[in-house]
1. In the range 207-252, which chymotrypsin sites (Phe, Trp or Tyr not before Pro) are in a loop and have at most 14 other Cβ atoms within 10 Å, using DSSP for the loop call?
2. Quick one: in the range 31-112, what % of C-alpha pairs are over 14 Å apart?
3. For the range 76-192, rounded, prolate or oblate, judged on the Cα gyration tensor with a ≥ b ≥ c (square roots of eigenvalues), a/c < 1.5 rounded, else prolate if a/b > b/c?
4. Could you sort 59, 101, 118, 217 by accessible area so the largest value comes first, with the probe set to 1.4 Å?
5. Largest first, please: the extent of the C-alpha atoms of the range 172-217 along each principal axis, to the nearest Å.
6. For 137, 416, write out the residues from largest to smallest accessible area, computed with a 1.4 angstrom probe and no ligands counted.
7. How big is the Kirkwood radius of the range 206-313, worked out from every pair of different alpha carbons and given in Å to one decimal?
8. Output the 0 to 90 degree angle, nearest 10, between the alpha-carbon long axis of helix 274-286 and the longest principal axis computed from the alpha carbons of the chain.
Amino acid sequence: MVKRTDGTESPILAEDGGDGHDKPRLRYGELVILGYNGYLPQGDRGRRRSKFVLHKRTEASGVKRSKHYIVQSPQTSKAILDANQHSISYTLSRNQAVIVEYKEDAETDMFQVGRSSESPIDFVVMDTLPGDKKDAKVMQSTISRFACRILVNRCEPAKARIFAAGFDSSRNIFLGEKATKWQDNVEIDGLTTNGVLIMHPKGSFCGGNAKCGLWRECSVGGDVFSLRESRSAQQKGQPIYDECNILQDGTLIDLCGATLLWRSAEGLQHSPTKHDLEKLIDAINAGRPQCPVGLNTLVIPRKVNIGDQVNQPYVYLNCGHVQGHHDWGQDENTGARRCPMCLELGPVVTLCMGLEPAFYVDVGAPTYAFNPCGHMATEKTVKYWANVEIPHGTNGFQAVCPFCATPLDGATGYIKLIFQDNLD
């Protein structure tokens, strides 16, 4: 358990459940950042990690809308100056704003996500860069310091709702004069600068039969809209009345710089564990796959940080044959290699196991790999993610490997692996 400066609890627990002194608490679900294979390159520390587990708080921490009113100078209004009062300020003009006050809600727990390391943020998220991130640096982040908040019903944990924007250290949210905002009858709502986008999968995420749904934008008040023409356009999208902000197992949340996957507690019960994935690696290694050139036994490493050891397997991305490291068939001009098994010319990449269990849609042998990064996973997992479009730039989309965020190549974005194994 971590005590924050404002006295509230931040349930950042390690995978083993903490130091063992806390009683087991109800797990609502997990938020997992796309692009990391089980942990951050620098290591998971405190609120800065690749995965955040949401547990039921000891005491309710949620808030709900209470009342709203118009003020002439929002910066000096009582609600804004009161550090114990949650409020949202919608600036209409230089000397007019609508203040929406929030009161404590005994039925919900609130969790906040953003780039800020200030105490109200439970899960600190930085921009995700594709590929190897060890020396990667982001010059200017596009993620909001207080990006979004999630409110989970303490009695109905399946109801986890997402809202754009989070409360700062003074328990305030400010939407400036230029921010997109509107009033419907008496209610006021708005959008954050770069927006909080969500995508609910069509069908059950577990089982591998789900399809990628349509991306939507979530407002500060929790309503759902079609996407704006570009990420930060002034005009809001059309309201989507038959969709809501309740997170489903497999819902993606895009914060314009990082994409999070929501896994519900129920969904995780049907997903593989890290131990399950390690057993699958052991099963492949037990078959003693062999390199047809060097005739040495290949070993898929259980750790993510791999080197160029002799037994490291490589995959030919155009045909899927798995071999060891050798110089046979290398094209001096392009660096491509000709596969000694089928003579197909193409790129070669290190084979590496996808070790983040939350990204798997089923349990099974890792017989496929993403192209061009070489991360292995089950057939259904690879094919699911190859067909999921992740927001990219101001209005673009691209499919990426969930384990490293590398954009996928080729007609399909993946390759079926062909091992030479069980030769004894």
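1. Sparse-neighbourhood loop chymotrypsin sites (Phe, Trp or Tyr not before Pro): 241.
2. 71 percent
3. The shape class here is oblate.
4. From most exposed to least exposed: 59, 118, 101, 217.
5. 45, 24, 19
6. Values: 137 170, 416 110 Å².
Most to least solvent-accessible, the answer reads 137, 416.
7. Numbers: mean 1/r = 0.0546 Å⁻¹.
Final number for the Kirkwood radius of the range 206-313 is 18.3 Å.
8. Once rounded, the angle reads 10 degrees.
The values are calculated or read from the model by the stated rules, or taken from the named source; none is laboratory data. Note that the structure is predicted; figures quoted are calculated from it, not measured. Here Cβ is always computed from backbone atoms with ideal geometry, including for glycine, and neighbour counts include all displayed protein chains. Just so you know, the surface numbers come from the protein's heavy atoms only, side chains and all, with ligands and any DNA or RNA stripped out. Shrake-Rupley method; radii C 1.70, N 1.55, O 1.52, S 1.80 Å.
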